[in-house]
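Presented below is the structure to which this report refers.
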There are 2 protein chains.
Amino acid sequence: MAASPSLDPTELGAYLALIEVSSLVRHAVEQQLREAADLSYVQFQLLARLGDSPSGCHRMTDLADGVVYSRSGLTYQAQLLEQRGLVTRAPSRDDERSITVTLTDDGRAVLARTFPGHIEVVRRLLFDALTRDDVEALGGVLGRVRDHMRATPPRSAAPRRRRGSGSDSP
Amino acid sequence: MAASPSLDPTELGAYLALIEVSSLVRHAVEQQLREAADLSYVQFQLLARLGDSPSGCHRMTDLADGVVYSRSGLTYQAQLLEQRGLVTRAPSRDDERSITVTLTDDGRAVLARTFPGHIEVVRRLLFDALTRDDVEALGGVLGRVRDHMRATPPRSAAPRRRRGSGSDSP
DNA sequence: GGTCGTTGGTACGAATTCGAAGCAAACGAG
DNA sequence: CTCGTTTGCTTCGAATTCGTACCAACGACC
């Protein structure tokens, strides 16, 4: 283990700014969404992801992994969305244990109705202070980080069991 | 109001990457902190902020605003930290209704013990994929955004009352 | 074709989170 | 000085969140 894997002031500053900015954005967006469509941020993210998909559907696990959420939490949210008629849940044909979540027309409508306001808040908060170059730099760097994080380490859902000592053998 | 304040693909990508990266970092860090010191992320942030302060103390409200947390949530967390002896709470001398939260020696010790591991995770996740220039660009841009967000709009704690119709007069 | 380990999802309980309501101290105008 | 307003914090109830335990379906292997 490294004795002092300390961060430069620059790195520390970047990290703190990242957390602070994302918290503030989240907070603001959350209020806007709640007020405009009575959706939590996760719910909106789920709808957005489904709307983005060509098929308009996804497996539960992929959704949970995508929005970085616990599986049980996703079950809860999916139930809520289903009760409101914004999504449908049905077992997959390929894999009997998979549940396929599909965006309904109502869901798509809500998404379409909510998106502009959401975007507006984000633009005002995030991009009004930035130049074109800033935005490109930001996107580039964060994209690289995302790829890095999604590649190597444990995914959103940690491996099911956690054996005491070192070697978990296949 | 703008008819379509839509975001470029570039902007949208940057926004999504920001949310995704921050979520992943938060998630990873949270697990590490829980495991290493049985601290939630907020708790750690609070300790860190107090440790950063020259006086080692802050008002409740300033802490809540700093970490972007509800006031009631902060009360809860502060109680928890106080029970564990990591902070002290005492009414302020200047202002009888303010509570001053102060880091104890134990708290400082826990912070010192926990910091390296925390930093290590952040470095591995966030900075191992980045060049020096990347880090500087990231910090610069995000710093600018933070200043922008902290400046203009509603702070973490929304104004107390929200009158029905238009004119709230001073 | 049976068995073991893995994966996808759900129920349950415990802990957290937030907003609204409430209370007391401080401030400002008259 | 006194009243109305604002600010700082806590309590309360309701909703969310997560981890863990659990069940069912899949897959590999013998």
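In angstrom, the C-alpha Rg and Dmax of the protein assembly as shown are 21.5, 69.
For chain A, the solvent-accessible area works out to 56 Å² per residue, with a probe of 1.4 Å and every protein chain left in place. In chain A, the beta carbon lying closest to the axis that superposes A onto B belongs to the residue given here with its whole-angstrom distance, A:22, 2. Dipole magnitude for segment B:23-150: computed about the Cα centre from +1 point charges on Lys and Arg Cβ and -1 point charges on Asp and Glu Cβ, it is near 160 debye. Sorted from nearest, the other copies put their residue B:99 label points 3.9 nm away, the label point being 7 Å from Cα in the direction of Cβ. Net charge within 12 Å of residue B:127 by Cβ-Cβ distance, Lys/Arg positive one each and Asp/Glu negative one each, not counting residue B:127 itself? Residues near residue B:127 contribute -2 overall. For residue A:30, the accessible surface of its heavy atoms amounts to roughly 70 Å² (probe 1.4 Å, protein chains only, rounded to the nearest 10). When you filter the GluC sites (Glu not before Pro) in segment A:34-109 for DSSP loop state and at most 16 other Cβ atoms inside 10 Å of their Cβ, you are left with A:96. In chain A, the DSSP-assigned H stretches of four residues or longer account for a calculated mean residue ellipticity at 222 nm of -19500 deg cm²/dmol, using -39500 (n - 2.57) per stretch and the full residue count as denominator. Taking the Cα centre of segment B:53-98 as reference, the dipole from Cβ charges on Lys and Arg (+1) and Asp and Glu (-1) amounts to some 140 debye. Note on chain A: GNM, Cα springs under 10 Å; of A:37, A:14, A:129, the largest mean-square fluctuation is that of A:14.
Label point of residue A:75 (7 Å along Cα→beta-carbon): distances to the other copies' equivalent points are 3.4 nm, sorted ascending. Residue A:72 contributes about 90 Å² of solvent-accessible surface, heavy atoms of the protein only, 1.4 Å probe. With Cα atoms defining each centre, segment B:14-28 and segment A:108-134 are spaced 17 Å apart in the structure.
Close amide-amide hydrogen proximity is noted between residue B:98 and B:92, each under 5 Å apart and 5 or more residues distant or on a separate chain (H modeled in the peptide plane; Pro and chain starts excluded).
Residues in segment A:53-65 carry Karplus couplings, in order, of 6, x, 7, x, 8, 8, 7, 4, 4, 5, 4, 4, 5 Hz; the curve used is 6.51 cos²θ - 1.76 cosθ + 1.60 with θ = phi - 60°, and Gly or Pro positions show x. Peptide A:123-136 is shielded by partner chain Cβ atoms: per residue, an average of 6 of them sit within 10 Å of its Cβ. What spacing in nm lies between the two simple spin-label points modelled at residue B:96 and residue B:72, each 7 Å away from Cα in the Cβ direction? Placing both labels 7 Å along Cα→Cβ, they lie 2.7 nm apart. Taking the charge dipole of the protein assembly as shown about its Cα centre, with +1 at Lys and Arg Cβ atoms and -1 at Asp and Glu Cβ atoms, the residue from A:12, B:53, B:36 reaching farthest to the positive side is B:36. Mean separation of Cα pairs under 8 Å and 6 or more residues apart, divided by the residue count, gives chain A a relative contact order of 22 percent.
Among the residues of B:23-31, the average count of other protein chain beta-carbon atoms within 10 Å of the residue beta-carbon is 5. For segment B:1-92, taking the reciprocal of the average inverse distance between every pair of different Cα atoms yields a Kirkwood hydrodynamic radius of 15.5 Å.
Evaluated at q = 0.11, 0.14, 0.20 Å⁻¹, a Debye calculation over the C-alpha positions of chain B (equal weights, vacuum) places log10 I(q)/I(0) at -0.63, -0.95, -1.42.
The values are calculated or read from the model by the stated rules, or taken from the named source; none is laboratory data. The structure presented is a predicted model; accordingly, all values stated were derived computationally and were not measured. Note that we place each Cβ from the backbone using ideal geometry, even for glycine, and neighbour counts take in every protein chain shown. For accessibility, only protein heavy atoms count, side chains too; no ligands or nucleic acids. Shrake-Rupley method; radii C 1.70, N 1.55, O 1.52, S 1.80 Å.
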